[in-house]
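Scroll down for the structure; my scribbles are underneath it.
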Amino acid sequence: MKLHLSTMALLAGASMMAMTTSATAGAMDIPGYEAAVAAAATAGWANAESDRGGLFLVAQFDSSGPDAWDPVAHPLVYVTSESHANPNPNRTLPGGFAGFQLVDAMTKESIYGFIAAETEKTSGMRGAPHGVALSPDGAWAYLGWSEVDDSVTGYTSYVAVVNVRTMKVDKLIKQESRFRGAPRAQRLHHIQSWTDVDGNDNVVLQWGFGADGGPHHILDPNANNTVKRSITYEDVQVMGHPFTTPSNDGKMLYVSIGSPEIREADSHHAAGVAKVNLDTGAVTNVMGFGNHPIGITHSADGLFTYVVDGHGSMVYKLDDTTNEIVGKASAGVAGPYGLCMNWDESLMFVDGKGEGSHNIGSVLGVIDLKTFAPARAGFFQQPIFLGGSANSVDHCILHPDPAVNEIWVSNMNGWETIVLDLNTNTPEAWIPTVHGGDTHSGGFYAYNGWDGEVLTDMGGIKSQRIRDLSLAAIAAR
């Protein structure tokens, strides 16, 4: 099997300590590449679910080696993607690239910058590579990108599975599915990870852009990152924007129901959310979430789910016991995307990305969750202007230490992660990316040696011990 990576490289990464990046080389010139392709052919990685969902192992590398960074010195890290699609004139990599950044969550210092793929020209990549996440135990990183080629669909989409300890690529996976009888190429968009109540680790790869997402693939990071379950058009008809989140117990995956036709429909309540039971595959559809559901998150007690309508600029509140929508509020910003809450769930912050229009939003809307209406007091301004290079902000993530009391905001068309102080509801720091690229996604992970744990990410709280802290704050409110 041959890669469509004529000008790309799978790189070993760039340590912030050395401030250098590995030299670009053609994929076929990478030492061990041919052996990695041969190893993939005999790995026994494929199964019925990977075949059904159109996910294929391309190359299996040897990712062993010396430690690339020190988790003892950095026991709490923030991870965000880094790519090329921003107007920053000072990017250190002038072409297209896909990578991620590790930040010390307490000092706000970048500790590692990793580049998985690079081209000499921006046009070599299909759009901006979006999204990165670590496995629930912090052992693996997942990063996707697409490359323009001469195939039927015009590009090929890849995922690099990276050994976080050595910062070496372990696997290269590609997605090639069929949709309504024809080839369908989807770019990897969001990734999230979690551990369910039975102790099973999960990683979901979420494919697609716009209002026609899917397929999505749930991997088992403890079983060679094989596919546990594929969620396809046959399972959820029809899948909208690829922003899925698991329920608090990890047994249910929430998948938006939508399409370009629904997004543009005259009705303002045509879209929905599918609740997919990951044990049985059963699907419960709940309709009425505007026309373009995007961001989804859950209350700490697991009783309510909040859903953003990106085109209607509304936020909906779902009672998960009755499956009824019990609240509807203006997002306070145009084209909302992601959302997150403060510790006592008195306030919700909504990323004003400008989805579906200008796409250059740099503000956060604020909803008072007690009244479920835009907050009208206690702010210097509403919405909150984030400053710096904030431009097309898309996700916000609660810092897992209540004493720090911050949310961190990703910045798809800027080159900083913006930190909001929840004591004052004002931005307090702007963390630059390693190579001057943009960010899209984010998550906090704790390490005890090399034993990691996902705490919070753009989908909300992912650790029960962090959830318990939020429940205590709610009780003390």
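The values are calculated or read from the model by the stated rules, or taken from the named source; none is laboratory data. Quick caveat: nothing in here was measured; it's all calculated off a predicted structure. FYI the Cβ positions are ideal-geometry reconstructions off the backbone, even for glycines, and counts take in every protein chain you see.
Listing for the model above:
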read-out: Scope segment 434-477; condition within 24 Å of D344 (Cβ to Cβ) and of a type in the set (G, A, S); matching residues; value: G442, G443, A446, G459, G460, S463, S470, A472, A473, A475, A476
read-out: Search result, residues across segment 353-369 that are surrounded by fewer than 24 Cβ atoms within 10 Å (Cβ to Cβ), assigned to a loop (DSSP other than H, G, I, E, B) and either modelled with pLDDT of 95 or more or in contact with a Lys or Arg (Cβ under 7 Å, 6 or more places away or on another chain) (or both); value: N359, L369
read-out: Residue in segment 452-467 that is in contact with a Phe, Trp or Tyr (Cβ under 6 Å, 6 or more places away or on another chain), farther than 19 Å from T244 by Cα and of a type in the set (S, T, Y) present; value: no
read-out: Checklist (1) at pLDDT 90 or above; (2) buried (at least 22 other Cβ atoms within 10 Å of the Cβ) applied to D220, failing item; value: (2)
read-out: Any chance T20 is surrounded by fewer than 14 Cβ atoms within 10 Å (Cβ to Cβ), at pLDDT below 50 and in contact with a strand residue (DSSP E or B) (Cβ under 7 Å, 6 or more places away or on another chain); value: yes
read-out: Any pair with Cβ under 7 angstrom, 6 or more apart, that starts in segment 209-236 at a residue that is in contact (Cβ under 8 Å) with a residue 60 or more places away in the chain and ends at one that is of a type in the set (F, W, Y) and surrounded by fewer than 21 Cβ atoms within 10 Å (Cβ to Cβ); value: N224/W45; T226/W45
read-out: 3 or more residues over 19 Å from G460 (Cβ atoms), more than 14 Å from the chain's Cα centre (by Cα) and not aromatic (F, W, Y): qualifying strands (runs of 3 or more DSSP E) within segment 196-251; value: 226-231
read-out: Residue, nearest to the chain's Cα centre (by Cα), within segment 406-425, restricted to residues that are under 26 Å from V454 (Cα atoms) and surrounded by fewer than 17 Cβ atoms within 10 Å (Cβ to Cβ); value: D421
read-out: Failed criterion for D62 (all others in (1) surrounded by fewer than 24 Cβ atoms within 10 Å (Cβ to Cβ); (2) closer than 23 Å to I431 by Cα hold); value: (2)
read-out: Candidates G387, G436, G378 - the one that is under 19 Å from G131 (Cα atoms) and assigned to a loop (DSSP other than H, G, I, E, B); value: G436
read-out: Residues satisfying the stated conditions in segment 65-100, i.e. within 21 Å of V404 (Cα to Cα) and touching a residue at least 60 places away in the same chain (Cβ under 8 Å); value: P71, V72, H74, P75, L76, V77, Y78, V79, T80
read-out: Subset tally (residues that are under 16 Å from L364 (Cα atoms) and part of a loop (DSSP other than H, G, I, E, B)) for segment 402-433; value: 7
read-out: Strands (runs of 3 or more DSSP E) contained entirely in segment 76-191, each with at least 1 residues that are crowded, with 22+ Cβ neighbours inside 10 Å and of a type in the set (A, V, I, L, M, F, W, C); value: 76-83, 97-104, 110-118, 132-134, 140-148, 155-163, 168-175
read-out: Whichever residue in segment 113-161 is under 18 Å from L205 (Cα atoms) and β-branched (V, I, T) and, among such residues, is nearest to the chain's Cα centre (by Cα); value: V132
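Matching residues to (1) surrounded by 19 or more Cβ atoms within 10 Å (Cβ to Cβ); (2) touching a helix residue (DSSP H, G or I) at 6+ places or on another chain (Cβ under 7 Å); (3) under 19 Å from G99 (Cβ atoms):
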| position | (1), (2), (3) |
| --- | --- |
| Q382 | no, no, no |
| N391 | yes, no, no |
| P400 | yes, yes, no |
| V404 | no, no, no |
| I431 | yes, no, yes |
| S441 | yes, no, yes |
| N448 | no, no, no |
| V454 | yes, no, no |
